[in-house]
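A short worksheet on the structure shown next.
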Amino acid sequence: MQTKYLAKIFVTLRPSVLDPAGVAVQSGLQQMGYDNVENVRIGKYIELNITTSDQAKARQDLDRICDQMLANPVIENYRYDLIEVETQTGVY
């Protein structure tokens, strides 16, 4: 039996890493009069579907995908939400 999951992946810079894009957005917002906005950080959001035999395998694969392709583990953190979309059983 295979299960399809929707992974919602959030990649952000580590707190100790300078975020020039976030600084630029914060500056722009303050110039627009939003003086109540601070600590702007810019990140990435990725969605993908993954089909596998169980949730533990899906998480293992996602960790490897994030470490190897979607995030730079030296300067970025990631987290994801995993949602079961569909369970596929054998056709009889």
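How about segment 1-31: which of its residues are within 17 Å of TYR80 (Cα to Cα) and either among the β-branched types (Val, Ile, Thr) or in a helix (DSSP H, G or I) (or both)?
Residues satisfying the conditions are ILE9, VAL11, THR12.
Determine whether segment 56-64 contains at least one residue that is at pLDDT below 95 and more than 16 Å from the chain's Cα centre (by Cα).
So far as segment 56-64 goes, no, none of its residues is at pLDDT below 95 and more than 16 Å from the chain's Cα centre (by Cα).
Looking only at segment 66-92, which residues are in contact (Cβ under 8 Å) with a residue 12 or more places away in the chain and under 30 Å from LEU18 (Cβ atoms)?
Listed by number, the residues that qualify are CYS66, LEU70, ALA71, ILE75, GLU76, ASN77, TYR78, ARG79, TYR80, ASP81.
Is it the case that some residue within segment 32-54 is assigned to a helix (DSSP H, G or I), polar (S, T, N, Q), surrounded by 12 or more Cβ atoms within 10 Å (Cβ to Cβ) and at pLDDT 95 or above?
no
Might you check whether a residue that is assigned to a helix (DSSP H, G or I) and either modelled with pLDDT under 95 or loosely packed, with under 12 Cβ neighbours inside 10 Å (or both) occurs anywhere in segment 70-92?
Applying the first criterion (assigned to a helix (DSSP H, G or I)) to segment 70-92 yields 70.
Cutting the leftovers down to either modelled with pLDDT under 95 or loosely packed, with under 12 Cβ neighbours inside 10 Å (or both) gives us none.
Looking for residues that are assigned to a helix (DSSP H, G or I) and either modelled with pLDDT under 95 or loosely packed, with under 12 Cβ neighbours inside 10 Å (or both), one finds none in segment 70-92, hence no.
The values are calculated or read from the model by the stated rules, or taken from the named source; none is laboratory data. No experiment lies behind these values; they were computed from the predicted model shown. Don't worry about glycine lacking a Cβ; one is built from the backbone with ideal geometry, like all the others, and counts go over all protein chains shown.
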